[in-house]
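Scroll down for the structure; my scribbles are underneath it.
The values are calculated or read from the model by the stated rules, or taken from the named source; none is laboratory data. The model shown is predicted, which means the values in this text are computed figures rather than measured ones. All Cβ positions, glycine included, derive from the backbone under ideal geometry; neighbour counts span all protein chains shown. Side chains included, ligands, DNA and RNA excluded: accessible areas come from the protein's heavy atoms. Shrake-Rupley method; radii C 1.70, N 1.55, O 1.52, S 1.80 Å.
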Amino acid sequence: MRHALLIALRDLRERARDRTAYVLALVLPLGLAGVFTLILGNIGGDGEVFRYAVADADRGVIATTFTDEVLRGAATGGAIELRTASSAAEARAMVDKGQATAAFLLPEGLTEDVIAGRAARIEVVGDVDAPTGTQVARSLAEAYTGRLAAVRVAVAATVHSGVTTPPADLAAEAAASLPSTVVAEDTTGRRQLEPKTQYAAGMAVFFLFFAVQSGVTGLLDERRIGTLARLLAAPVRRSSILAGKLLTSVVIGVLSMTVLIVASSLLMGAHWGHPAGVGLLVLAGVLAATGAMAVVAALAKTADQAGGWQAVVAIVLGALGGAFFPVAQAGRALEVLSLVAPHRWFLRGLADLAGGGVAAVLPSVAAMTAFAAVTCAVALVLFRKVVRP
Amino acid sequence: MSVLSCSGLSRRFGDVQAVDDVSFSIAEGETYGLLGPNGAGKTTTISMITGVLEPDAGEVVVAGQPMSTSAIAAKRLVGYVPQELALYPDLTGRENLRFFASLYGAARARVDHVLDVVGLADRAGDLAREYSGGMKRRLNVAIGLLHEPRLLVLDEPTAGVDPQSRNQIMDNVRALAAEGMAILYTTHYMEEAERLCDRVGVIDSGRLIAEGTRRELVEQLGERDRISLLLDGDLAHAATMLGGIRDVKSVAVHGHGLELVVDDARECLPVVLSAVTSNGVVVRSVEVNEPNLETVFLHLTGKALRE
């Protein structure tokens, strides 16, 4: 262990003199997170209010309930600004002119269709430059229509049971009793990070995979500059040499993440969550990143080759794991596939931490630790050929 | 006493038998030169001696300790100076030395000592990447000396260095041998081997094909030292007189000169000149020809050493 520490300390001393390491581990992630926050974070960010328009051509109880209870309820809570359009055309025009993020078009006959059990729909017209605001509008509409479907089933069941009240009255009564908290339910779910934190964490974990590269590819560098032979001839166990390289990556990773967390909190106002939970996630994430990059390095013949392959793997895993955009927006298949990426678990762990206690991060920590155990074991087996000149 | 003992060392890489049944030993204070063309098996042999590589067969013993890739105790007894510069360019000379000193458990005071020995004390705080080629070579050697090894393995330590650094390295090697260190030395420079090595082993195609002192190797080939004299005077009388000297094996007359075959030209030359001049013969020129290792090497391997 002493030799592993000595090797790691030497590596760290050398890395500390490499300015590109600071750029990769600190400047780039902070810079990109800041840019993403500036470009995208204002959409639905802290205090950001979506401006919606509603055009009610129905004027029935279903449409009125949606407008008065759901939309005006959200507006009263400060989540949205609501403007009324006299027609669907006016609502569309408001969106086209940027006066509204999205518009709800409630068609004539909506209430009748719902009560009669016919297909009915609320149309959402969104601004192409405001995908998040449009997504939120769509979610509001879908949540409401989902409730309507439930009401429809309940009314049918009531009628079927022999109650004499007219179905239309039952439906109107049920629709009127729809909860106005539907917006809150959809937007304050426990797995939701605010944009600043989302982008800061996404960039931090994405660049973490680059930051840890230098440690695990250090063995290939040692071979290139000839010092590997000297290490192998020294009274040092080969396992200590490998452990020293992995330790270098872990230390660089933890330092990089720590600085990024502090800096993004102070400079960008990101809220990472309880320090203990964040610490567990960071440690597990660093181990997972180290393992993944170590496998790639062990498969490469040279440090340059390893660097190229590692970049590809880091980018693919980062994109897959939601470092750039929330995976939930990418469809079910990709969402399932994303579970192989440590990034996904890291971000999910942070979201869970935001919505629960420290214990909420344990599933994510366990997933990343398992990933790290498998990849590190594979890397150690593969690295044997590197320490056998 | 033997510090290094190699017996029956063999190592194969795929279809290539890199080293084949190589055996030799090096005594305390002895400098042993391992000569061979590129690809002859020198570096593979050295890798097995230093515990970098495991032999397929045979064994290496360093001061009584068997060597292997996991032999920590044996590795502490060996100082290794690889052929390639093995330095960390972004560390200073002193930091490079401190790192390896800590790996070997050497005292920190040794760092300053070896910096003095190799003449880098005044540049110890500079990054290794800023050193000249010769300085890097000297630092490369210094790392191998840090822990006062019983056996020092130097693989081409002077390749590509300036004459000043080469002389300094060679002076260091002589001094270390004088202190009792056993030294295994490979080089492409024949004059270095002749000046430094007490014994030489010639390796070719993985096999040790000859071993001994320079004189022993030369004699194995039937070659002798020759002294050519251009004289004014009675050549026949001079030839008869010189033929009577014990170390002179034969004398032949060629025009105005004589050619003598002798055991050791350097020892014999003063006696020969004294004998000639004391008999009134004037010496116009003297030429000494000593068959060198280059000749031996070419004869044994059919190749020049630098091929």
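Beta carbons closer than 8 Å, at least 6 apart along the sequence or on distinct chains, pair a first residue in segment A:300-324 that is at positive phi with a second that is crowded, with 18+ Cβ neighbours inside 10 Å for A:Gly322/A:Gly202; A:Gly322/A:Ser338; A:Gly322/A:Ala341; A:Gly322/A:His343; A:Gly322/A:Arg344; A:Gly322/A:Leu347. Check B:Tyr189, B:Tyr185 and return the single one that is surrounded by fewer than 23 Cβ atoms within 10 Å (Cβ to Cβ), closer than 28 Å to B:Thr295 by Cβ and hydroxyl-bearing (Ser, Thr, Tyr). None of the others qualify; the one that does is B:Tyr189.
Do we have any residue at all in segment B:279-287 that's part of a helix (DSSP H, G or I) and not assigned by TED's automatic domain parsing to the domain that holds B:Leu9? No: zero hits. Here is a check on your reading of the model: is B:Leu145 within 14 Å of another protein chain (Cβ to nearest Cβ) and touching a Leu at 6+ places or on another chain (Cβ under 6 Å)? No: the conditions fail for B:Leu145.
Within segment B:261-273, is even one residue farther than 29 Å from B:Glu191 by Cα, open to solvent by 40 Å² or more (accessible area, probe 1.4 Å) and touching a residue at least 12 places away in the same chain (Cβ under 8 Å)? No: zero hits. When segment B:55-70 is limited to residues that are surrounded by 21 or more Cβ atoms within 10 Å (Cβ to Cβ) and in a loop (DSSP other than H, G, I, E, B), the one that is nearest to the other protein chains (Cβ to nearest Cβ) turns out to be B:Met67. I need the full set of residues from segment B:240-269 which are under 16 Å from B:Glu287 (Cβ atoms) and part of a strand (DSSP E or B), in order please. The answer is B:Val248, B:Val251, B:Ala252, B:Val253, B:His254, B:Gly257, B:Leu258, B:Glu259, B:Leu260, B:Val261, B:Val262. Once segment A:60-91 is narrowed to residues that are at pLDDT 90 or above and more than 15 Å from A:Ala141 (Cβ to Cβ), the residue that is surrounded by the most Cβ atoms within 10 Å (Cβ to Cβ) is A:Ala85. Listed by first and then second residue, the pairs linking a residue in segment A:218-229 that is facing chain B (nearest Cβ under 10 Å) to a residue that is acidic (Asp, Glu) and open to solvent by 10 Å² or more (accessible area, probe 1.4 Å), with Cβ atoms under 6 Å apart and 6 or more places separating them unless they lie on different chains, are A:Gly226/B:Glu84. Just so you know, in segment B:100-142 the residues that are under 22 Å from B:Gln164 (Cα atoms) and hydroxyl-bearing (Ser, Thr, Tyr) include one that is farthest from the other protein chains (Cβ to nearest Cβ), and it is B:Ser132.
The residues listed here are B:Ala86, B:Ala107, B:Ala73; of these, the one that is assigned to a loop (DSSP other than H, G, I, E, B) and either of a type in the set (Asp, Glu) or open to solvent by 40 Å² or more (accessible area, probe 1.4 Å) (or both) is B:Ala107.
Only helices (runs of 4 or more DSSP H) whose full extent lies in segment A:282-355 are considered here, and the ones with at least 3 residues that are of a type in the set (D, E, K, R) are A:342-355.
A:Val254 fulfils the conditions (1) of a type in the set (Val, Ile, Thr); (2) within 14 Å of chain B (Cβ to nearest Cβ); (3) assigned to a helix (DSSP H, G or I) except for a single criterion, (2). Just one of the listed residues (A:Ala204, A:Ala200, A:Ala270) is modelled with pLDDT of 80 or more, open to solvent by less than 40 Å² (accessible area, probe 1.4 Å), outside any helix (DSSP H, G or I) and away from chain B (no Cβ under 14 Å), and it is A:Ala270.
Of all residues in segment B:21-37, those satisfying the criterion of being open to solvent by less than 50 Å² (accessible area, probe 1.4 Å) and farther than 22 Å from B:Ala178 by Cβ are B:Val22, B:Leu35, B:Gly36, B:Pro37. Return the residue satisfying two criteria in turn: it lies in segment A:210-232 and is touching a Pro at 6+ places or on another chain (Cβ under 8 Å) and either in a helix (DSSP H, G or I) or closer than 20 Å to A:Cys376 by Cβ (or both), and of such residues it is most open to solvent (accessible area, probe 1.4 Å). Applying the filter and picking the extreme gives A:Arg223. Of all the criteria given as (1) within 15 Å of A:Ala201 (Cβ to Cβ); (2) within 14 Å of another protein chain (Cβ to nearest Cβ), the one not satisfied by A:Lys385 is (1).
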